[in-house]
1. Out of all the residues in segment 152-184, which are more than 14 Å from residue 121 (Cα to Cα) and in a helix (DSSP H, G or I)?
2. Taking the criterion of being outside the structural domain of residue 145 (by TED's automatic domain parsing) and in a loop (DSSP other than H, G, I, E, B), would at least one residue in segment 200-212 satisfy it?
3. Being buried (at least 21 other Cβ atoms within 10 Å of the Cβ) and either touching a helix residue (DSSP H, G or I) at 6+ places or on another chain (Cβ under 9 Å) or more than 19 Å from residue 307 (Cβ to Cβ) (or both), is that true of even one residue in segment 203-219?
4. (1) within 29 Å of residue 226 (Cα to Cα); (2) outside the structural domain of residue 236 (by TED's automatic domain parsing): which one isn't true of residue 290, the others all being true?
5. Against the conditions (1) out of contact with any strand residue (DSSP E or B) (no Cβ under 9 Å at 6 or more places or on another chain); (2) at negative phi, where does residue 240 fall short? Just the number, please.
6. Tally the residues that are under 12 Å from residue 110 (Cα atoms) and surrounded by fewer than 16 Cβ atoms within 10 Å (Cβ to Cβ), restricting the search to segment 59-77.
7. Being closer than 14 Å to residue 304 by Cα, touching a strand residue (DSSP E or B) at 6+ places or on another chain (Cβ under 8 Å) and without any contact (Cβ under 8 Å) to a residue 24 or more places away in the chain is the filter; apply it to segment 258-288 and report the residue that is surrounded by the fewest Cβ atoms within 10 Å (Cβ to Cβ).
């Protein structure tokens with residue numbers, strides 16, 4: 001077998017001897033100047049499209065470098081030679097195997113970085129949104145813990161969907177979140193509803209046309225239950241402590257006899273709230289079934305029935321409703 005270039009006899013690589021093959025083979029194509037744009041707000045990088053970047057220089061070179069079609073086992077070593085705010089001079093060492101032959105090359109590259117605003121941040125700071133997630137609670141406002149949880153859920157989901165929350169609006173009875181993606185808004189509403197066993201619905205609204213297609217914004221309404229785990233309520237002549245809220249109903253403990261009971265969601269909606277002012281009371285004595293305490297308001301001795309397996313310490317927690325005192329399990 002003879003080299004088609006020089007006529008030398010021996011092992012050939014694409015009809016060329018090793019010497020001619022090495023002379024004609026271009027290991028990589030890498031421009032001397034690489035122009036990139038970096039978002040001022042989120043540091044995303046634009047090379048053909050916007051994407052998240054942890055290392056602008058490496059990502060810029062990785063996006064620009066083109067290897068020989070037959071290159072395998074390639075390795076890139078990048079060394080920063082100098083850098084100012086908008087420019088970086090870089091040494092790029094490349095090694096690879098082509099048709100069983102090892103190749104190495106070193107290249108000098110200048111990366112020029114221009115500040116810009118990515119499309120996502122442009123929409124975000126322009127208050128763009130495709131969905132509103134309205135979170136409310138029946139007959140009450142949201143507490144601080146619920147608001148923080150709702151915001152945390154939203155931020156996790158918009159990150160996963162590569163979108164954003166363009167605005168939060170606290171209302172007297174809830175929270176509105178303006179979301180950059182309809183699908184993310186739908187997932188946020190579902191996740192909040194799952195977290196709190198809440199009801200949710202969606203309502204689309206036509207806001208215009210774009211490229212001949214109808215454009216909609218969707219409002220996702222999430223309605224949290226009237227009561228929360230740990231709340232005390234009065235229903236059907238009983239004072240209850242809510243232990244668990246399910247989509248199908250409520251699990252509660254009757255504070256009179258400490259029996260676990262359950263209610264449908266619509267039944268508990270008619271319950272009256274009992275003040276959640278739990279107080280500590282000093283234990284005077286304890287028997288198998290009862291515990292005697294001092295009323296923290298008037299220091300009278302009160303005897304209360306103990307829950308099963310309840311062991312009193314120096315103090316116990318109690319709650320009052322009307323003229324009755326109940327031991328909190």
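The values are calculated or read from the model by the stated rules, or taken from the named source; none is laboratory data. What you see is a predicted model, and the numbers here were worked out from it, not measured in a lab. Using ideal geometry, Cβ is built from the backbone for each residue, glycine included, and neighbour counts are taken over all protein chains shown.
1. Answer for segment 152-184, where residues must be more than 14 Å from residue 121 (Cα to Cα) and in a helix (DSSP H, G or I): 152, 153, 154, 155, 156, 157, 160, 182, 183, 184.
2. No, every residue in segment 200-212 fails to be outside the structural domain of residue 145 (by TED's automatic domain parsing) and in a loop (DSSP other than H, G, I, E, B).
3. Within segment 203-219, the first condition is being buried (at least 21 other Cβ atoms within 10 Å of the Cβ), and the residues that meet it are none.
The answer is no; no qualifying residue exists.
4. (1)
5. (1)
6. Number satisfying all stated conditions: 0.
7. This residue is 285.
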